[in-house]
1. Determine if the stretch 136-148 includes at least one residue that is farther than 15 Å from residue 10 by Cβ, touching a Lys or Arg at 6+ places or on another chain (Cβ under 9 Å) and more than 16 Å from ligand 2 (Cβ to nearest atom).
2. Quick one: which strands (runs of 3 or more DSSP E) lie wholly within the stretch 63-160 and hold at least 1 residues that are open to solvent by 20 Å² or more (accessible area, probe 1.4 Å) and more than 15 Å from ligand 1 (Cβ to nearest atom)?
3. Of all residues in the stretch 51-81, count the ones that are of a type in the set (D, E, K, R) and away from ligand 2 (no atom under 11 Å from the Cβ).
4. Is it the case that residue 499 is in a loop (DSSP other than H, G, I, E, B), closer than 28 Å to residue 391 by Cβ and open to solvent by less than 20 Å² (accessible area, probe 1.4 Å)?
5. For the structure I just gave you, tell me whether residue 98 is free of Cβ contacts under 8 Å to residues at least 60 places away in the same chain and in contact with a Lys or Arg (Cβ under 7 Å, 6 or more places away or on another chain).
6. I'd like to check something: does the stretch 627-640 contain any residue that is open to solvent by 30 Å² or more (accessible area, probe 1.4 Å), within 15 Å of residue 566 (Cα to Cα) and in a helix (DSSP H, G or I)?
7. Is it true that some residue in the stretch 43-60 is touching a Gly at 6+ places or on another chain (Cβ under 6 Å) and either charged (D, E, K, R) or at pLDDT below 95 (or both)?
8. From the residues in the stretch 397-419 that are touching a strand residue (DSSP E or B) at 6+ places or on another chain (Cβ under 6 Å) and not polar (S, T, N, Q), which one is farthest from residue 369 (Cα to Cα)?
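The values are calculated or read from the model by the stated rules, or taken from the named source; none is laboratory data. Every value quoted in this text rests on a predicted model; they were computed, and no experiment measured them. Here the Cβ positions follow ideal geometry from the backbone for every residue, glycine too, while neighbour counts run over all protein chains shown. These area figures cover heavy atoms from the full protein model, side chains too; ligands, DNA and RNA do not enter into them. Shrake-Rupley method; radii C 1.70, N 1.55, O 1.52, S 1.80 Å.
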Amino acid sequence: MSYLNLGIVAHVDAGKTSLTERLLHHSGVIDRPGSVDRGDTTTDSLALERERGITIRASVASFPAGDVTVNVLDTPGHPDFIAEVDRSLAVLDGAVLVLSAVEGVQAQTLVLMRALQRLRLPVIVFVNKIDRRGARPDGVADAVARRLSPDVLPVQRVLGAGTPAARVEPLPDDGLRAWLAGESRRGAAHTVLFGSAVTGVGVPELVAALGTYLPVVADPVVADGGATALANERANLAAAPGSDVPSAVGPSEDELTDPGDAAPSGVVFAIDREDGRKRAFVRMRSGTLRVRDRVDLRHGKSERITGLRVAHRGTLEPRPTAEAGQIAVVQGLATARVGDVVGPERPGDERGSQFPPPSYETVVDAAPAERGRLYAALSELAEQDPLIRVRRRDEEITVSLYGEVQREVLAAILQREYRVDARFGAVRTARTERVVGTGHAVEIKKQDGNEFHATIGLRVEPAAPGSGVTFELECERGSMPPAFFDATEDTVRRELARGPLHWPVPDARVVMTHSGYSPRQSHMHQKFNKAMSSTGADFRGLAPRVLAAAVRRAGTVVCEPVHRFVIELPEDTVGPVASLVGRLGGVPFESRAGSGGIVVMRGEIPAAAVAALQRDLPGLTHGEGMCRTEHDRFEPVREAARA
Ligand SMILES: Nc1nc2c(ncn2[C@@H]2O[C@H](COP(=O)(O)OP(=O)(O)OP(=O)(O)O)[C@@H](O)[C@H]2O)c(=O)[nH]1
Ligand SMILES: [Mg+2]
C-alpha cells in the first residue's frame, strides 16, 4: 500500500473543511458532501466547531486515490489555533494551500507558506471559491506569484469566474509541466489549480494532481514523513527536467541498507480523549505496530498498546496492526505527550516549533469547590496541546494564549467537557523575567535556622534568551545519592516558573555549588530514622529558599514580547501610520514602495500594542492597510515609551 499524508492549510474561512468534504465525496467515501453551514461535515466533528462554523482542532480523514491512500489533515485557519497547524506540519508529506478567489492572499497565507517552505514540503496552491461573486482568479494568481513565491505555475484557466457556472480548463501543456512536477516534489516550485468546494468544480483535477506533484510514501520500508525528508533527501527525489516523473518516492541510500523488518517508529502529533480514555495519534514512519506491543516513548515510559485504529475511508477503523505511512490512533499510551517519538528516534524527529509561542496570558479562576477540578482540566488540556502553558503558584492559575477566540473556546470546553464554570481575567501580555547578574546562596544542614537535613548551595547566572534553564553540578556527583540531586533540580526548575517579580524565568544557568545530606542510620538492627536521615523532602523543602535568595541577589528585569510587523498600506498613509506605530511604542525600520501605489513598511512593536495597531489601521488607511505580526523576542519593558 502507498500513502500520502496531506495537509489542507489556509487562512480562516478559505474553504478547507468544505474542500475536504469534496475530496471524500469525489473518492466515493461519503454519499454526499457535508456542509459547514449545516454543521454536518466529517472533519468538523466537535459540537463547538459545528456551532461556530470554524475548525478548532486538526482532524484526519482518509480516502483512496488510485492505489494510494490519502490521509487528509484538515487544519484550523484561525491564527489563535496555529498550534494545531504546527503539530500537523510535523507529519505531512505535502500540503494543499487553499486561497479564496475573492479574498486572495491574506496575512495568514504568508505565515503558512513560509512555514511550508522552511520544511521544504511540496505544496499545491488551490484557489477556491471561483463560483462566488467577486471571484478574481487571475488577480489572485498574480498575487500568489508576487507575494507567495515566484516559482508558481498556474496550469488551468477559469471560465465564468464569479458565477455558479464557473469551470476550469487545462492550459496547453508546453513541456513545463514535467519540469514543474519534478521541482514541486522537491518543494521548490508550486502548481496552481482552481476550483470550488461548493460546486465541486476542479476537485477531480486536484486529486489527479496529488499523484503528480506530491511525493507518495510508496512502501512501508521506505516510508518517511515530510519532517525527515529534508533538503538533501528531497533533492534525490527530483526527476530530471523533462523526464518522466516517477509515481513514487525512491528510497534514500541509508534506507536501502535498512531491511524490511525495521523497528516500529512513529511520531505522536495529537492527543485526545474518547469516553475518558486517552488516544494518541501517531504518524507511523517505519515498521509495524501491533496491539499488545510494548513501545518506548521519548518523554514517557515503556507502555503497552491496548488498541489500534487506522484512518480508513473517512473513519477510524479498528485494526490489529498499523504500518509505516499510516496514521494510527493508539490506545494505552498513558504517559504519551504530543511530540513524543514512539520507538527508536529517526533523523528529523526532533523538530522545533514553526511558529512563535503565545504572546498573551490570562488568570483563570473558578468557585472554590471547582478549583481543584479546574486545574486538573487545564493540565489535561495542556497535555493535548503543548503550546497551552498552565502555571499555578499558590492559588493563582495562569494560562498562556494566542488570542481572544482561543480564550472563548477554552471557556466553552471547560464548561461542556469538564463542567467547570471558569472565570477569566483580562487577557494581558505574557511577560518573563530575565536574570541580569550572578547571585549565590548556601544553606548548611541544621545550621543557622536551616531545619532541613540538607545542604544546598546554588549559583544563578544569566543565560542566552531561548536557551532554557540548565542545571549543572560543581560538587561531586558521587557525594550524595542521585535522588537528592534530582529532587533539587526538579524543584529548581519548578520554582523558576515564578521569579521574584512573579513572572516565569525561562532562561538561567543554575549551578549547584554545595551538597550535603545525613545518611541512613546504619547501626546494626537499627531502623531507618526519618528524624535523623535525609529524604527527598528535605531537598524539595530547602531548594526554593536557597534558589529565591540566589535569584534575588542575581537580580532580574521584567521582559515583554516584541513582535516584528509588516504593514502593506497606500502610499499617502505612510506618515499617519508611522506615527501611530511610534505612539504605540513601536519602531518603523523601513518603508519600501511596492507595486500599484502600495508601500511595505517593516518594523517592530510590543505585542501588547498589536491589538491597538490592528484596530486603528483600517481607519488610517481607507480600510486598505494589511498588517502581519510575528513574535520576535522578549525585551525589557520600557513603560515610559507607551505612556
Ligand atoms: N461560494 C463558495 N463558498 C464556499 C466555498 N468553499 C467554502 N465556502 C463557504 O465558505 C465558508 C467557510 O468554509 P469552510 O470550509 O468552513 O472554511 P475553512 O477554511 O475550513 O474555515 P476554518 O476551518 O474555520 O478556517 C462556508 O460558509 C462555506 O460554505 C466555495 O468554493 N464557494
Ligand atoms: Mg475548517
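1. Yes, the stretch 136-148 contains a residue that is farther than 15 Å from residue 10 by Cβ, touching a Lys or Arg at 6+ places or on another chain (Cβ under 9 Å) and more than 16 Å from ligand 2 (Cβ to nearest atom).
2. 68-74, 152-154, 156-159
3. Keep residues of the stretch 51-81 that are of a type in the set (D, E, K, R), which gives 51-52, 57, 67, 74, 80.
Pick out the ones that are also away from ligand 2 (no atom under 11 Å from the Cβ) and you get 51, 67, 80.
The qualifying residues number 3.
4. Details: in a loop (DSSP other than H, G, I, E, B): yes; closer than 28 Å to residue 391 by Cβ: yes; open to solvent by less than 20 Å² (accessible area, probe 1.4 Å): yes.
Yes.
5. No; evaluated as a whole, the condition is false for this residue.
6. Within the stretch 627-640, none of the residues are open to solvent by 30 Å² or more (accessible area, probe 1.4 Å), within 15 Å of residue 566 (Cα to Cα) and in a helix (DSSP H, G or I).
7. Yes, the stretch 43-60 contains a residue that is touching a Gly at 6+ places or on another chain (Cβ under 6 Å) and either charged (D, E, K, R) or at pLDDT below 95 (or both).
8. Among those residues, the one meeting the criterion is 401.
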